Structure formats: structure tokens, C-alpha cells
Amino acid sequence: MTTVESRNNSANRLAAGFALGTVLGLTPIFSLHNLFFLAIPIVLGVSVRTFLLGWLAAIPVGFLLDPLFHAMGVTLLSSAGLTPLWVWAANAPLIPLTAFNNTVTLGSLVFWAVAFVPLFLLSRRWLAGSLGGIGGASLLGLESQRHGWVRKGFVVPLALFVGVAVGAWWMLADRGARAAVERGGTRIMGATVDVGSVDVDLSDGVLAMTGLQLTDPSAPENNIVEVGEIAAAMSAGPLLRAKVAIDSVVVRDIRFNTRRETPGEVDTLRERSTIFRDEMARWRASVRIPTIPTPTLPGSIDFGTLSADSLQTVIRARELAGTVGVTREALLGRVDAVDARAQIDSASALVASLEGASIGSLGPVGATRAVSALRSTVEGIADVGPRLTELEESLAAEVSGLRQGLAALDDLRDGDYRRALGVLNLPSFDPDDISAALLQAPLMERVETLLYWAQVIDANLPDGSRSVRFEGPERLRGSGEDVTFPSAGSSLPAFAMNKLEGSVTIGAFTDFVIRVLDLSSDPAVTGRPITVRLTGESGATAAGLDLSLDRTGDVAEDRLVARFSGLPLPALDIAGLGARLDLGEGGTRVNLSRSGDAIAGDVTWSATGATWQRSGPGAAGATAYLWDIVSSLTSIEITLGLDGPLTSPGISVRSNIGEQIVQALRDQIGDGVRQAEARARAEVDRLIEESLPEVRSQVSDLEQGVGGILSGYQGELDRVRTSLETRLRDLTPSLPRLPGLPG
């Protein structure tokens, strides 16, 4: 081999090593594909030193270009044309393990593939000029690689490399599984998930885990649930597709609401999702909370604050008046289209022209023509009559609808009475209003938490036809986003667990059993809903819960029915009283259902040993009066009702607290309130009656005016038709038939 050929060969090997080494610096280092690139210098006769040089040189470039890599990855993974390729790759063996679905990983790898040839050519030109002869090649370790690109005796080093890689994975598998559980759980929960230890034994298909703690997003100092021990029987095959298939799980010592040693970090949907936060803000602003009642009447009631413009009855009456006008114009337009007046005038003119006429005065031809004209006019008149009758029926229907609208105004009047009492600040005698005034605000916080978990479930149970994006793993490089693609055909979902059974500890009680069936990240693939059942009884404490999450059809269908007794109930901070209501232990009944985007049902708490504590300075006046009423109540029942869309459900509150306050108010100021209510009702009636006569008059005018026009036309049509038929009989009996004229 000549010196020039040797130098060119050396330059190619140097450039190839440099260009190949850059992939390790441009892409996240802990990626499966990098094992392949690390093995290349062992097998091929490229420069190891330039390979390492390219690696080191590309590291800062990789950090700087991470935003570009992320943008490229988003574009590629979001491309509709490439989606079939990504779905296939996500369900193929081994490929999912490369984390190709991470935007930074894919973007950086594609960037390197595009840049490889330019990097090779540029580095070859630079390195070829730097060799300066065989001494340069020797410096870079190429003097023994002049013959062929494949290294001699690479098998042993490659086997050692593979053995080291497998051994490292084997030793780090437990740590990797623990990190994956903590990362995935934190992403799903929106709060810190900790795991004590994980033991993965793929040879026996066993996964063991201890010390699982899930931080409560609404109370970071507590765990929403803590699991002492988990033992799972899993299949190793699906792991090659980055899928987890668990046959059965046994859990022991599940505890709820335990104290954490250190508070967990919280990144809930309420904080990270502006959409959810904005939805909740709009919902809170739209829900009406009644005012807290006062135990005294105002010194003087100012009815000037009442306005006809604020009364729904008046507003609806004005809308009806507008409807009357539109209806009138429409009906008159239809009357004009019939053109009855022209028909009547034409027929009347024909009758007048034939007044006193006879066959003798008209002659045979004239009489024949007159008969033809009479018959044609009679037919025209006969056609107008039914059309006028149809209009009369339409008028009757419209008037009937308007009168029903007038009658419905009485139903609105009751609502105006209640609004008037609110404007006048009269104490309400409605127990539900009083219960809502005191309890609705703190209960809305719990509703928001319920809606939060509904959002979490929806985010992690896709409909099986769309990809979902999540934040990528934490690392020194850019995290990017992980895109989860739907399962193809009959493939397994990303996570599937046939059965979970275990013991549950609730407070100090341990005799409870939980059973979870068909838990899956994509129930549409398994074709079965997720079900959760909790049962148990320990003395006076009992629990029964049935939860079904059905995502197998086009519409989400969820159902939660639960009965608990003898377990801790929530404590409510009642700002209006400056007090805290601790319900203690008692019973809970839950009956909630979700269909599509709508939720309905109720939750009831019953307690017999409730306690009240001041949460602020002592109250005075009306608040002190209410405190005196409720602070002695120890038997409490509260029912929270929900009905409406998930983003803004209607909320109702019922409680014996409101009933107790109503009774006390009736005893103290009942007569005065009833007198004030009567005056308020009279004022509302006065304002309404000022508006109703106008719309009633318009409806009557519509019926009489348009009806009178139609009736008048019908009468004139009948008269002129009679005259036409009379003239026709006078001319018809002895009229001879002439050739060429109508008979």
C-alpha cells in the first residue's frame, strides 16, 4: 500500500471514529442505542481516540441544542403521516426500549444521522491535513489497522463488553425499576411517589416491592395511601416491548392518610394545568352561594332596591311580547301570500258584471263564456278557503303556545319571590339555603378534588385511538416529552394487571380486603372495565365499595357506590361562622355516576359525635347567635348533591344544621319575617302586574286582529261564492253546447 493510500485510509478511519463518537454526546447517554455505538470501536477498525474525541466535543453541543432536538422530536412524533410507523414501533419487540418516543432522544438521533456525512467529510479534511505521515497515524493508534475495517480478534472484547453491559443491567435493574415506579407514579398522581425497595427476578417472573408511599396532592404532609408490601407475578415477554403485564398481585398492609416523615412535592393538575385551573375558577364564580341568614330584621325595608328589570317574570313577559310581534308579522305575511282580497274583488266584479244578465241578453256564445268564467272563479274561491282555514289553525296554535307561556310566568314568580327576599336581606326560612350558606364553600373544595381525580383518570385512561404526551424523565439533558402511542390490534396495553388482592388498614382497623380486576392503561384493548371492590367489617366498623371505570365504548361510563360506617369523616372549616366542624367518626354513603362528560349523584356524611371549635376570635351579633344554635349540635347529617358537566357541575347541600337554624329563626323572628315576606311578595306582584297587562293585551290583539281578518275573508268568500253559484245556475240549465267552447 502506498503512502498516499495509507494516509487516506488513516484519515477515513479517524473521521469515521470522530463522526460516530459524536452520537454519544448529541443523544442522551443512558439510551439503549448507545450500547450499539459503544460496541462499534470494538468491532470496526476506527480510531478509538477520535471516537472519544468526538464524544467529548459533542457533549456541550448536545446540551445547547436540546431545545432544537425537542422541537424536531415533537414535529416527527406528531406527524400524521408517520403515526403508523410510530404505532408499529411502539408495539414491536426491543424498539420501545430505545425510548424513541422521547422527543429529545428521537430529535437528537435524527439530527446526528443527518449530520453524520457532513461531520465525516469535515473531520476527514481536517484530520488528513493533521496526520503529517505515519507518525500522526501512530499517535492516533492506527498503525496496526492498515488492512481492513474489521478488527482482528474482536470477538473476545465484544463478548466482555456485552457481559459487562448485561451484568451492569442486572445489578441496576432493581434501581431502574424503582426509579420507573417513582417517576411513573409521580406523573400519574401529580405528587411525590416513594418506594422503599424493589426486587426484580425475571427468571421467576416475580416483582417484589416494599414501602410504597403516594403523597396526597391536597395535603403534602400526608400520604393518600401507603402500601407495606407488594408481590406481583409478571410475564417477562412483554418487557421487550416496554409493556408491563401482571397476572396477579398480592398486597399487604394498605393504609390511608398516613403521616409522611418529610412533605412530598406536589405538582398537581390544579397547578400545572391552566385549563383545569381556569375551569375551576369559572365554576366557582358561576355557583351561587346563599348569604348567611341574620336573626334580626332590618330597621326599614327599602323596596327601592327591587327593580322590574331584575325579575325573571318580567324579563320573560317582555320576551313573550317580542314573540307576539314576530308572530303577528309572520301570520300577516302568510295572509298576504294567500291574496284572498284579490280573489274576492275579482269574483265580486264578475258577479256585478253579470247582474240581470240572461242567456237571451248574452247570446249563446256570450253565455257560454260567462259560465266558463263563473266556473273558473268558483274553483279559485274554493282553493282560497282551505288555505285560510289552515291559517286559522296556525293562529290558534300560536295563540295557545303564547297563553301557555303566560301561564308559565306563574312558575317564575316563586323564583322572583326568593330573589326579592335575598335582595332585601331577609333571613331565609329555607333549610337548604341556610345549609348551603354555611357548608357549600368548604364542600366545593372537596368537589374540586373529586373533579381533579376525574381529570387524572381521564389523562391516564386514553380512548385507545390517540397518542398522549407526558413530561420526559428528569436528567441533566433536556427532559423533553414522552409520547405514548395506542396499542395496535390485539397487542397488550402499556400496563395490564389481571388481578390484585390484599389487606387494607383503615385507621386502627385491619380486617378489610381490596380486590382490583382488569386494571389497564387502555381498557379498550382488554375489552373489560376496571373494577375495584373493598369489603370488610371489624366490630362497628364496616366498609363496602364498588368502583367501575368503563372505557371500552365510545362514552366513558363510571360508577361509584360505597357505604362506610365507624370511620373518620372530614372536618370542615366554616368561614361564615369562624368555626371548624369536626365530624369525627360516622357513616358515609356515596352514589355517583359519570356518563360521558356529565356527573350525577350524592355523598352523605352522618355523625353522632361531632364537635365544634372556634377557628378565630369570638363572634358577635348574628354570627354569635348562629354559633349558639349550632355549637350544641353533635348529631350531624350532611348531603352533597352533584348534577351536571364535569367542568361545572351543579351543587346542592342539605343538612339538619339548616333545619335547626330555621327552627330557631322561626321562634325568634318568625312573625316579623312573615310580615316582611308578605310585603316583599306584594311588591313583586305589583311590579309584575305592571308588565303583564301589555303582553296579555298583545296576545288578545293578535288573536282578535288576525283572527278577525281571517274570519272576515271567510265570510266574504262564502257570500261571493254563493252569488257566483246563483249566477251559474241562472245561465246553465238551457245553455246549448257550441263546438269549440267549453261545456
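Leaving ligands, DNA and RNA out of it, rank TRP627, TRP283 by accessible area with a 1.4 Å probe, largest first. Don't skip to the answer; put the middle values down first.
On the way: TRP627 35, TRP283 0 Å².
Order by accessible area, largest first: TRP627, TRP283.
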request  = Could you size up the charge dipole of the chain around its Cα centre, putting +1 on the beta carbon of Lys and Arg and -1 on that of Asp and Glu, and report it in debye to the nearest 20?
outcome  = 3420
ask   = Of the listed peptides 45-56, 523-534, what is their order by residue-averaged count of other C-beta atoms within 10 Å, with the highest listed first?
value = 45-56, 523-534
remark   = Amide H contacts under 5 Å for GLY480, restricted to residues at least 5 apart in sequence or on another chain and with H modeled in the peptide plane, are GLY472
ask   = Relative contact order of the chain: what whole-number percent is it, with Cα pairs under 8 angstrom and at least 6 residues apart?
value = 13
ask   = Between the helical axis of 155-189 and the dominant principal axis of the chain, each derived from Cα atoms, what acute angle in degrees is found, rounded to the nearest 10?
value = 30
key: Correct option for log10 I(q)/I(0) by the Debye sum over Cα atoms at q = 0.07, 0.09, 0.11 Å⁻¹ [calculated from the coordinates] among (i) -0.64, -1.01, -1.37; (ii) -0.50, -0.85, -1.27; (iii) -0.78, -0.99, -1.22   = (iii)
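Counting only protein heavy atoms and using a 1.4 Å probe, what share of the accessible area of the stretch 346-398 belongs to carbon plus sulfur, as a whole percent?
Numbers: 1380 of 2650 Å².
Of the solvent-accessible surface of the stretch 346-398, carbon and sulfur hold 52 percent.
Within the chain, which is the longest segment containing none of the GluC sites (Glu not before Pro) that sit in a DSSP loop and have at most 12 other Cβ atoms within 10 Å? Provide the component values of the computation, followed by the final result.
Values: sites that count: GLU261, GLU265, GLU355, GLU474.
Free of exposed loop sites, the longest segment is 475-743.
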note = Per the charge dipole of the chain (beta-carbon charges, Lys/Arg positive, Asp/Glu negative, Cα centre), the residue among SER503, LEU53, GLY601 reaching farthest to the positive end is LEU53
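Hey, what number do you get for the chain at 222 nm if only DSSP H runs of n ≥ 4 count, each worth -39500 (n - 2.57), divided across all residues, to the nearest 500?
Numbers: 16 runs with 387 residues, N = 743.
Value at 222 nm, helices only: -18500 deg cm²/dmol.
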inquiry  = With angles folded into 0 to 90 degrees, how steeply does helix 33-43 sit against the dominant principal axis of the chain? Use alpha carbons for both and round to 10.
reply    = 30
ask   = When DSSP assigns beta bridges and you keep just the ones with both residues in the chain, what percent turn out antiparallel, to the nearest 5?
value = 95
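Accessible area per residue for the chain in Å², computed with a 1.4 Å probe and the full protein assembly in place, what is it?
Working: 36940 Å² over 743 residues.
In whole numbers, the chain has 50 Å² accessible per residue.
The values are calculated or read from the model by the stated rules, or taken from the named source; none is laboratory data. Note that the structure is a prediction, hence the values are computed from the model and not measured. Glycine also receives a Cβ, built like all others from the backbone with ideal geometry; neighbour counts cover every protein chain displayed. Heavy atoms of the whole protein, side chains included, go into the accessibility calculation; ligands, DNA and RNA do not. Shrake-Rupley method; radii C 1.70, N 1.55, O 1.52, S 1.80 Å.
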